[in-house]
Amino acid sequence: MTTIVWFQRDLRVSCNPALNLALQGDAPIVAVYVHSPEEDSPWQPGAASRWWLHHSLQALARDLERQGIRLQFFKANSLDLIPRIAADYGASSVLWTERHEPFRRDCESVLESGLKRHGVEVVRFRDELLTNPDQFLTTGKSSPYRVFTPFYKRLRKQLQFETLLTSERRASKQKPAPHSEALTLHQLGLLDSFPWHEKLGRYWVPAEASALQRLQGFVENHLRGYPEQRDFPSSAGTSSLSPHLHFGEISPRQIVSALQPYIQLDMNGLSRAAEAWLRQLIWREFSRYVLRHFPTTAAESMDGRFEPGFWKNDEESLGRWQRGETGIAIVDAGMRQLWEIGWMHNRVRMLTASLLTKNLGIDWRAGAEWFWETLVDADLANNTMGWQWVAGCGVDAAPYFRLFNPLVQAKRFDPDQVYIRRWVTPSNQETIVKPIVDLTDSRNQALERYRHTIQSRRN
C-alpha cells in the first residue's frame with residue numbers, strides 16, 4: 001500500500017499539511033504533479049507563469065529528493081490519471097491541497113467521489129485559505145460579503161495565530177519505482193519557445209527556500225517602513241512575495257505565523273506595520289472569497305450596467321499600452337517593467353489599469369488577459385478582482401468616476417522619477433512620440449459615457 005501526495009499550488013516541503021500527513025505514516029510515498037492545462041481552460045497558465053512553474057517544480061523535486069521522495073511529472077487529465085495511478089500503486093489514500101478556482105474545485109470533487117467509490121481514502125486540505133468561504137457569510141442575511149472592510153474586520157477578529165510545525169521525518173526507505181507514464185520535467189513543455197522568459201531568471205529565484213529568505217529579509221529590513229513606503233515603486237517597500245504565494249512556495253498561514261510576535265507582542269515596535277501588511281494578505285483572501293461566491297466574475301463584470309457594449313475595441317491603443325508606448329511616463333515604465341521582469345508594482349498596476357479602462361475606455365478583460373500572459377504572479381482571483389476594482393465594475397469597486405491621474409500620481413509617488421528613469425531609459429524612449437490621449441478630455445469623456453449608460457439603463 002502507498003500514499004499518493006498530489007502537488008498542485010503547494011510547491012513546498014515545509015508546513016505542507018498533505019506532505020506532513022503522509023510523512024507521519026509508514027507507507028511509501030508517491031509524489032506527483034499533473035500538468036493539465038485543458039482543465040484550467042479558458043484560463044490556461046500564461047508564459048510567465050509557466051516559466052515560474054517549471055523552475056519551482058525543479059526546486060521542489062530537489063527538496064523532496066532530500067527527504068527520500070521522488071517527484072513524478074505527468075501531462076494528462078487528472079480525472080483520468082490520478083485514479084489510474086492510485087490503482088497501479090495500490091494506494092490506500094490520496095492527499096492534496098485544494099485549489100480555489102471554480103473549475104478546479106468541481107474537478108476535485110468529482111475526483112474525490114471516484115476515488116472513494118474504489119475504496120481509496122481522500123484527504124483534502126484548504127491550506128491556501130485563511131477561512132472557509134462557504135461558512136464565512138454576512139451576519140443576519142447569510143449572504144456573501146461584497147465589501148472588503150466588513151470582511152476584513154470580521155476575519156481579523158477571528159484570525160487564529162498559530163505556531164506551525166513541520167515534520168522532519170524522512171519518507172520510508174522504500175521508494176516506489178517511477179510510473180510508466182511519468183515524464184521528465186522538460187517533457188511537460190512549460191517553457192515558451194520564444195526566449196523572452198530567459199531574462200526572468202535575472203530577477204527571480206522560484207523556490208521554497210527563496211520564498212522563506214524573501215520573507216525573512218522583508219520582515220527584518222523593510223517591515224518597519226511598509227505603511228509609508230509600500231506605494232512608492234522605486235523603493236523596496238513591498239515584499240514581492242506574490243509569485244511565491246501563488247505557487248504555494250510559501251503559504252498565507254506561514255506569513256501570519258511570522259507576523260505573530262510583531263502583532264501580539266509588538267516586537268521592535270512593529271505592530272502597526274505588521275497589521276498593515278496583514279491587511280493586504282486579507283485582501284488577497286478576499287479575492288479568493290469573491291471568486292468562490294461569484295464565479296462568473298472571471299469573465300463578466302459584476303455590475304451588469306457595464307455589460308454589454310460599454311467598452312471600446314481599440315486594437316491600436318491596446319498595442320501601444322501593452323508595449324509601454326503611451327507617452328505617459330509612469331504608465332510606460334510600469335508596462336516595460338512588466339515585460340522585463342514579469343511583475344509590476346501594485347500602485348503602478350492601478351495606474352496602468354485605470355488608463356486602459358477609463359481614459360482609453362478599453363475592456364478590462366483585454367488588460368486582464370495581458371497581465372495573465374506576462375505576470376509571474378498571475379492569479380485568477382487577484383487578477384480578476386483587481387481589474388474590476390479599478391474599472392469600477394466589480395465587487396467593492398471604487399466608483400467609476402474615480403480616475404487615477406498618472407501625472408499627479410507620478411509626482412506624489414515617484415517625485416524624483418527614479419522609477420521612471422529606471423524603466424523608460426534614453427535607449428528606449430525614442431519609440432514614444434506623444435501622449436496617447438489627453439488625460440483631461442478623456443476623463444470627461446469617460447464620465448459622460450458612464451452617465452449616459454446609467455441613465456439609459458434606468459429608462
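The values are calculated or read from the model by the stated rules, or taken from the named source; none is laboratory data. Note that the structure is a prediction, hence the values are computed from the model and not measured. Quick reminder, even Gly has a Cβ in these numbers, built from the backbone with ideal geometry, and neighbours come from all protein chains shown.
Would you say Pro45 is surrounded by fewer than 19 Cβ atoms within 10 Å (Cβ to Cβ), under 25 Å from Leu380 (Cβ atoms), touching a helix residue (DSSP H, G or I) at 6+ places or on another chain (Cβ under 8 Å) and of a type outside the set (Gly, Ala, Ser)? Yes; evaluated as a whole, the condition is true for this residue.
Residue count for the range 409-459 under the criterion of being at pLDDT below 90, within 25 Å of Arg336 (Cβ to Cβ) and among the small types (Gly, Ala, Ser): the result is 1.
In the set Thr184, Thr139, only one residue is touching a strand residue (DSSP E or B) at 6+ places or on another chain (Cβ under 9 Å), surrounded by fewer than 12 Cβ atoms within 10 Å (Cβ to Cβ) and farther than 25 Å from Leu23 by Cβ; that residue is Thr184. Count of the range 13-38 residues, restricted to those that are under 20 Å from the mean Cα position of the chain (by Cα) and either closer than 23 Å to Asp88 by Cα or in a strand (DSSP E or B) (or both), is 4.
For the range 117-159, the set of residues classified as under 30 Å from Ala86 (Cβ atoms) and part of a helix (DSSP H, G or I) consists of Arg117 only.
Candidates in the range 100-111 are the residues that are touching a Lys or Arg at 6+ places or on another chain (Cβ under 8 Å) and surrounded by 19 or more Cβ atoms within 10 Å (Cβ to Cβ); of these, the one that is modelled with the lowest pLDDT is His100.
In the range 298-310, of all residues being out of contact with any Lys or Arg (no Cβ under 8 Å at 6 or more places or on another chain) and of a type outside the set (Gly, Ala, Ser), the one that is surrounded by the fewest Cβ atoms within 10 Å (Cβ to Cβ) corresponds to Pro308.
Taking the stated definitions as given, is Arg292 surrounded by fewer than 19 Cβ atoms within 10 Å (Cβ to Cβ) and out of contact with any Ser or Thr (no Cβ under 6 Å at 6 or more places or on another chain)?
When the stated conditions are applied, Arg292 does not pass them.
The requirement of being at pLDDT below 95 and either in the same structural domain as Ser78 (by TED's automatic domain parsing) or in contact with a helix residue (DSSP H, G or I) (Cβ under 8 Å, 6 or more places away or on another chain) (or both) is satisfied by Ala171. Each residue in the range 190-216 was checked for being exposed (fewer than 14 other Cβ atoms within 10 Å of the Cβ) and under 14 Å from Ser56 (Cα atoms), and 1 of them qualify.
Quick check on the range 263-271. Is at least one of its residues surrounded by 18 or more Cβ atoms within 10 Å (Cβ to Cβ) and assigned by TED's automatic domain parsing to the domain that holds Thr149?
Yes, the range 263-271 has at least one match.
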